[in-house]
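*Asks:* Below is the structure I would like to discuss, written out as structure tokens.
The values are calculated or read from the model by the stated rules, or taken from the named source; none is laboratory data. Here the structure is a predicted model, which means the values were calculated and not measured. Here Cβ is always computed from backbone atoms with ideal geometry, including for glycine, and neighbour counts include all displayed protein chains.
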Amino acid sequence: MSSTTSEPTSSPQRVLITGGAGFIGSHLVDQSLRSGHEVVVIDNCSTGSATNIAHHGDRVRFIENSLSDGLNQIESDEPFNLIYHLAAAVGVDLVLKDPIGSIRTNIQQTDAILEFAREHGRPPTFIASSSEVYGKPGVSVFSEEDDSIYGPTSISRWSYAHAKAIDEYLALAYTAQHGLPVVVARFFNTVGPRQLGSYGMVLPRFVQSALNNQPLRVFGDGQQSRCFCDVRDVVAVLPKLMACSDAHGKVMNIGSDRSVSIQELAKRVIEVTGSESTIEHVDYSDAYPAGFEDLRHRKPDLTRLRSFVEFDYKYTLDDTIRDLAEVLLAESNVRSGAM
């Protein structure tokens, strides 16, 4: 592990979180406020929701706007100690339905926040990337220095991976050319409360179906595997990375390295929720456009991450399923009561 201090400072800081009303961002807002920090959020709520941070009231300055316009609402002399850039177009379904908007959002917003950071004192800046950057490298365990191999540009499925790769190039270029202390993290299947299944995310989709006693739709044979990491474990490590100067200018994986097949995931969701659901297998051709490719296995090598900071899991997958089910059930009850 790096000898450079990797514990976040205990003194209050001023933190900017883009995408702070979204799934991961709202949990980071929770944690930042628990640490006593002053938090500013910019989010247009295209995939997030103001309700995710509404419980904080006026403890959060919430700018509901596009990132570029939101940044213009911040005074030029307003200082920030930390910037977390989590605003993005996410989810397979969203990328396939709106590839132009997704590409523009993911590249232009990242460029805007990096330039903002450069002009506002160059505070440590976190850029959220994705395991999709690896493409289809032909290995089951992904390491940060692996080559990225993509499909043809005629298949829009790969546009998200290309866009996030450009984000990484931009971030590292700002470090090289302007000395901006940037940390880039490739998230691997982050899951937990507040995540939505409407953008193709598998776990909330399974849990919602289980709560409704509807079939859980598993694509293909279900033997493809993923590593699911609770969002609360993910956001807990981010301030440690930002406080570790040796991690600045680096790209690293963040997630769990415990694999589970999608078939087994479906079974665990049914068991944990006590559902009467069955499992229904669906051909990929019936779920996605022609040419869509899915990886059989996706597992992060966490060696680099753990060389900088301590990282382990507080939440089991069963914990995550239970907590996600509780939130989805509560939301369903609220909707039913409002009708």
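*Asks:* For the range 130-144, which positions are touching a Phe, Trp or Tyr at 6+ places or on another chain (Cβ under 7 Å) and either hydroxyl-bearing (S, T, Y) or without any contact (Cβ under 8 Å) to a residue 60 or more places away in the chain (or both)?
*Replies:* Listed by number, the residues that qualify are S130, S131, E132, Y134, G135.
*Asks:* Does the range 114-144 hold any residues that are in a loop (DSSP other than H, G, I, E, B) and of a type in the set (A, V, I, L, M, F, W, C), and which are they?
*Replies:* Result: V139, single match.
*Asks:* Still on this structure: Considering the range 264-281 alone, what residues qualify as being assigned to a helix (DSSP H, G or I) and of a type outside the set (D, E, K, R)?
*Replies:* Once the filter is applied, which keeps residues that are assigned to a helix (DSSP H, G or I) and of a type outside the set (D, E, K, R), the range 264-281 yields L265, A266, V269, I270, V272, T273.
A quick yes/no check of all residues on (1) closer than 18 Å to R304 by Cβ; (2) among the charged types (D, E, K, R); (3) crowded, with 22+ Cβ neighbours inside 10 Å; (4) in contact with a strand residue (DSSP E or B) (Cβ under 6 Å, 6 or more places away or on another chain):
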residue	(1), (2), (3), (4)
V90	no, no, yes, no
V95	no, no, yes, no
T105	no, no, yes, no
T110	no, no, yes, no
H120	no, no, no, no
G135	no, no, no, yes
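*Asks:* I'm checking my understanding of the structure. Among residues of the range 299-318 that are assigned to a loop (DSSP other than H, G, I, E, B) and among the β-branched types (V, I, T), which one is nearest to F228 (Cα to Cα)?
*Replies:* Among residues in the range 299-318 that are assigned to a loop (DSSP other than H, G, I, E, B) and among the β-branched types (V, I, T), the one nearest to F228 (Cα to Cα) is T316.
*Asks:* Follow-up. State all residues of the range 62-77 that are farther than 7 Å from I42 by Cα and not in a helix (DSSP H, G or I); if no residue qualifies, say none.
*Replies:* Matches in the range 62-77: S66, Q73, I74, E75, S76, D77.
*Asks:* In addition: Mind listing whichever residues of the range 235-256 are in contact with a helix residue (DSSP H, G or I) (Cβ under 7 Å, 6 or more places away or on another chain), buried (at least 23 other Cβ atoms within 10 Å of the Cβ) and in a helix (DSSP H, G or I)?
*Replies:* V235, L238, L241, A247
*Asks:* Which of the residues belonging to the range 286-310 are within 20 Å of the chain's Cα centre (by Cα) and modelled with pLDDT under 95?
*Replies:* D294, L295, H297, R298
*Asks:* Would you check if there is a residue in the range 289-298 being in a helix (DSSP H, G or I) and buried (at least 16 other Cβ atoms within 10 Å of the Cβ)?
*Replies:* No, there is no match, as no residue in the range 289-298 is in a helix (DSSP H, G or I) and buried (at least 16 other Cβ atoms within 10 Å of the Cβ).
*Asks:* Suppose we keep only residues that are touching a Lys or Arg at 6+ places or on another chain (Cβ under 9 Å) and farther than 17 Å from V269 by Cα within the range 188-212. Which one would you say is surrounded by the most Cβ atoms within 10 Å (Cβ to Cβ)?
*Replies:* Going through the qualifying residues, I end up with F188.
*Asks:* Report, ordered by the first and then the second residue, all pairs with beta carbons closer than 6 Å, sequence separation of six or more or different chains, a first member in the range 1-29 that is at positive phi, and a second member that is modelled with pLDDT under 95 and not aromatic (F, W, Y).
*Replies:* Partner pairs satisfying both residue conditions: G19/A87.
*Asks:* Continuing with the same structure: Which condition breaks for A185 when tested against (1) out of contact with any helix residue (DSSP H, G or I) (no Cβ under 6 Å at 6 or more places or on another chain); (2) in a helix (DSSP H, G or I); (3) surrounded by 21 or more Cβ atoms within 10 Å (Cβ to Cβ)?
*Replies:* Single failed check for A185: (2).
*Asks:* If you check D111, D167, D147, which single one turns out to be outside any strand (DSSP E or B), closer than 15 Å to V251 by Cβ and either under 17 Å from the mean Cα position of the chain (by Cα) or touching a residue at least 24 places away in the same chain (Cβ under 8 Å) (or both)? Show your work before the answer.
*Replies:* Working: D111 fails: closer than 15 Å to V251 by Cβ; D147 fails: either under 17 Å from the mean Cα position of the chain (by Cα) or touching a residue at least 24 places away in the same chain (Cβ under 8 Å) (or both).
D167 is the lone residue from the list that is outside any strand (DSSP E or B), closer than 15 Å to V251 by Cβ and either under 17 Å from the mean Cα position of the chain (by Cα) or touching a residue at least 24 places away in the same chain (Cβ under 8 Å) (or both).
*Asks:* Right, something else. Can you tell me which residue among F126, F116, F142 is under 23 Å from A247 (Cα atoms), buried (at least 18 other Cβ atoms within 10 Å of the Cβ), touching a Lys or Arg at 6+ places or on another chain (Cβ under 8 Å) and of a type in the set (A, V, I, L, M, F, W, C)?
*Replies:* Just one listed residue meets the conditions, F142.
*Asks:* Do you know which of the residues in the range 119-129 that are of a type outside the set (D, E) and free of Cβ contacts under 8 Å to residues at least 60 places away in the same chain is farthest from E75 (Cα to Cα)?
*Replies:* I127
Every residue, every condition in (1) part of a loop (DSSP other than H, G, I, E, B); (2) within 30 Å of R104 (Cβ to Cβ); (3) modelled with pLDDT of 90 or more; (4) β-branched (V, I, T), yes or no:
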| residue | (1), (2), (3), (4) |
| --- | --- |
| M1 | yes, no, no, no |
| S10 | yes, no, no, no |
| V15 | no, yes, yes, yes |
| I24 | no, yes, yes, yes |
| V39 | no, yes, yes, yes |
| T47 | yes, yes, no, yes |
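*Asks:* Being free of Cβ contacts under 8 Å to residues at least 12 places away in the same chain, of a type outside the set (S, T, N, Q) and not in a loop (DSSP other than H, G, I, E, B) is the requirement here; does I100 meet it?
*Replies:* yes
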